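Note sheet for the following structure.
Please treat every number below as a calculation from the coordinates, not as lab data. Nothing here was measured: the structure is a model prediction, and the numbers come from that model. Because the Cβ atoms are built from the backbone with ideal geometry, glycine has one as well, and the counts that use them run over all protein chains shown.
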Amino acid sequence: MNSAARRGGVNDRDRLALAFAPICALGGVLIWVLWVLPIAASVDAADPHPIGETTVVELETGERVGVWGRGISANLGTMACAVTAPDGEAVATRGGPSLGWSDTLWWMTPRGGFAQSAQFIAPAAGAYRVSCMDSLETYDGDFLIAGDTFGSGSIGLGRNGGNDFAIGSLLAFGAVFLPPLAVLLPAVIGIRLAVTRRRSSRVAR
């Protein structure tokens with residue numbers, strides 16, 4: 001412990017934490033404004049369709065959207081969806097990361113019970129047909145087309161960047177942990193400094 005810490009002053013570690021706090025606050029605000037709220041609004045505006053039906057959505061080239069499901073079929077993972085491009089070709093769908101919106105931000109989903117099960121990217125502009133069914137032909141549920149929470153790509157973190165984390169996982173994690181971290185860091189440092197100064201004043205007496 002350096003002399004500043006012993007006197008109840010701010011040390012280098014405290015300065016680093018205090019500098020990190022506004023970064024957390026800014027990051028949290030950006031994630032909520034640019035990611036969480038638009039996706040929640042898209043889910044709220046989407047029309048649910050029963051499993052077994054087909055819906056048509058107009059998409060732009062390169063637009064990425066999510067297929068959201070609700071009900072027993074979606075919960076059991078037996079809901080299978082197929083996407084057909086305007087030219088009649090099948091469009092590949094992709095599953096999500098192990099940690100995502102449904103793990104940390106389920107309470108922000110306007111339509112209760114819906115969780116994203118797949119994503120696809122439109123290779124060209126036009127009308128896309130999306131049909132979902134239960135692979136066991138036993139269970140029911142609903143699906144809708146809304147914003148994508150999975151994201152694309154990953155970021156290497158950890159030692160030497162050896163651990164890849166999906167963009168969607170990082171956003172879902174940051175949305176719930178960055179805002180409170182921005183508040184807790186200054187609060188914890190302030191409490192520690194107050195306690196240290198009180199102890200120092202008692203010793204001086």
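Counting only strands (runs of 3 or more DSSP E) that sit wholly inside segment 109-183, those with at least 1 residues that are over 22 Å from Asn75 (Cβ atoms) are 115-121, 126-134, 154-157, 163-166. If the condition is being under 18 Å from Thr109 (Cβ atoms) and of a type in the set (A, V, I, L, M, F, W, C), then segment 35-65 contributes Trp35, Val36, Leu37, Ile39, Ala40, Ala41, Val43, Ala45, Ala46, Val65. Going by the conditions given, is Leu99 in a loop (DSSP other than H, G, I, E, B) and within 23 Å of Phe165 (Cβ to Cβ)? Yes.
Of everything in segment 55-78 that is within 22 Å of the chain's Cα centre (by Cα) and hydrophobic (A, V, I, L, M, F, W, C), the residue that is farthest from Asp44 (Cα to Cα) is Leu76.
Residues satisfying the criterion are absent from segment 149-166 (criterion: among the aliphatic types (A, V, I, L, M), at negative phi and surrounded by 21 or more Cβ atoms within 10 Å (Cβ to Cβ)). Scanning segment 131-150 for residues that are out of contact with any Phe, Trp or Tyr (no Cβ under 8 Å at 6 or more places or on another chain) and within 12 Å of Ala82 (Cα to Cα) yields Ser131, Met133, Asp134, Ser135. The sole residue among Ala21, Ala40 that is in contact with a Leu (Cβ under 6 Å, 6 or more places away or on another chain) and surrounded by 17 or more Cβ atoms within 10 Å (Cβ to Cβ) is Ala21.
Among the criteria (1) surrounded by 16 or more Cβ atoms within 10 Å (Cβ to Cβ); (2) over 18 Å from Ala172 (Cβ atoms); (3) among the hydroxyl-bearing types (Ser, Thr, Tyr), the one Thr109 does not fulfil is (2).
Taking the numbered list (1) free of Cβ contacts under 8 Å to residues at least 24 places away in the same chain; (2) within 23 Å of Asp44 (Cβ to Cβ) in turn, Pro110 passes all entries but (1).
Return only the number of the condition from (1) part of a strand (DSSP E or B); (2) within 16 Å of Gly147 (Cα to Cα) that Ser42 does not satisfy. Going through (1) part of a strand (DSSP E or B); (2) within 16 Å of Gly147 (Cα to Cα) one by one, Ser42 breaks only (1).
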